[in-house]
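Participant: Encoded as structure tokens, here's the structure I'll be asking about.
Derivation of every value follows stated rules applied to the coordinates shown; laboratory data play no part. All values reported here derive from a predicted model rather than from experimental measurement. Note that we place each Cβ from the backbone using ideal geometry, even for glycine, and neighbour counts take in every protein chain shown.
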Ligand SMILES: [Fe+2]
Ligand SMILES: [Fe+2]
């Protein structure tokens, strides 16, 4: 199986956005965005990433959140239109939200992420998105956790929550007993990251305990906008944890430039290839 993983697209569209939308947390985020970030995550790079995936045709694609910036309806509409250009379609593209996808309470209460991107976050046999997401594709089980919650600026923290943790444990145990290769998706890293007080996963300890009991074969995250390799403890040894940099970051530094990962999974072996955007050709290589 070939699984592609991208993250932190931060698609920006302010089309039809009234100044009222910038009240509350959006004021800080919106001003910051308009000043410095506007051209940092260009849509054309995401279009190139989609073209690359349509050419390489992996079996499954996963995205670990932050599709948008301010959880505006205009941004979600753009994100949906772009995702719909993936030839694989929503059944083979699995998405969990990041903190920017649930940026304000209005978006959380109104389920803006779920309404706009629901088909990409709906479990097998379900009619609407709920988390954890659970999809079984042949030898692979994709278990997607939502860690996104609205927090007052400048917080960008995350939370799994007790109810979701219990469901994650059950899904991991069952899929493990059936011998599947379990891929866990979550936006925030499941370990102590940089500036964890502001940007970390609050209940990472509780999640680590679940993983120590149940195990998992691969854990994928975003949020850090950097390539990261770590492990967390499983019942039979360390579980690989891979963070991928932003899929759209227009930065000249090769280690920060827009990228995504391809995981070739053969039995329990994982081979990782990183495809990086090339500014000269406008394509991923
Ligand atoms: Fe992000
Ligand atoms: Fe994030």
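Participant: Two decimals is fine: what's Rg over Rh for region 224-278, C-alpha atoms, Kirkwood radius as Rh?
Facilitator: 1.06
Participant: I've got another one for you. For residue 279 paired with residue 213, estimate the spin-label separation in nm (one decimal), with each label point 7 Å from Cα along the Cα-to-Cβ line.
Facilitator: 5.0 nm
Participant: Run lengths n ≥ 4 of DSSP H only: what is the helix-derived mean residue ellipticity at 222 nm for the chain, with -39500 (n - 2.57) per run over all residues, to the nearest 500? Spell out each step's value before the answer.
Facilitator: On the way: 8 runs with 75 residues, N = 285.
About -7500 deg cm²/dmol.
Participant: On the first, second and third principal axes, largest extent first, how far apart are the outermost C-alpha atoms of region 143-272 in Å?
Facilitator: Largest first, region 143-272 extends 44, 36, 19 Å along its Cα principal axes.
Participant: To two decimal places, what compactness ratio does region 59-102 give when its Cα radius of gyration is scaled by 2.2 N^0.38 Å? If you can, show how the numbers build up before the last one.
Facilitator: On the way: Rg = 10.6 Å, N = 44, 2.2 N^0.38 = 9.3 Å.
So the Cα radius of gyration is 1.14 times the expected 2.2 N^0.38 Å.
Participant: Also, quick follow-up: Contour minus end-to-end for residue 227 and residue 170, with contour as 0.36 nm per residue of separation and end-to-end as the Cα-Cα distance? Write down the numbers at each step before the final one.
Facilitator: Details: separation 57, 0.36 × 57 = 20.52 nm, distance 2.96 nm.
My answer for the length gained is 17.6 nm.
Participant: Right, next: Just for the Cα atoms in region 67-198, what are the lengths along the principal axes, largest first, rounded to whole Å?
Facilitator: 42, 36, 24
Participant: For region 76-133, report the convex hull volume of the alpha-carbon atoms normalised per residue, in Å³, without decimals. Write out the running numbers ahead of the final one.
Facilitator: On the way: hull volume 4.6 nm³, N = 58.
Convex hull of Cα atoms, per residue: 79 Å³.
Participant: What is the distance, in nm, between label points placed 7 Å from the Cα along the Cα-to-Cβ direction at residue 2 and at residue 127?
Facilitator: 3.7 nm
Participant: Give, to the nearest whole percent, the P(r) tail of region 2-284 beyond 35 angstrom, counting all Cα pairs. Each step should come with its number before you reach the end.
Facilitator: On the way: 4183 of 39903 pairs.
When all Cα pairs of region 2-284 are counted, 10 percent exceed 35 Å.
Participant: Another question, if that's okay. Bin width 10 Å, alpha-carbon pairs only: give the P(r) of region 106-166 as whole percents, running from 0 to the bin holding the largest distance.
Facilitator: Percent of Cα pairs in each bin: 20, 47, 28, 5, 0.
Participant: Find how many whole Å separate the alpha carbon centroid of region 86-143 from the alpha carbon centroid of region 209-285.
Facilitator: 20 Å
Participant: Given an 8 Å cut-off on Cα distances and at least 6 residues of separation, report the relative contact order of region 2-284 as a percent.
Facilitator: Details: 647 pairs, mean separation 57.2, N = 283.
With pairs under 8 Å counted, the relative contact order is 20 percent.
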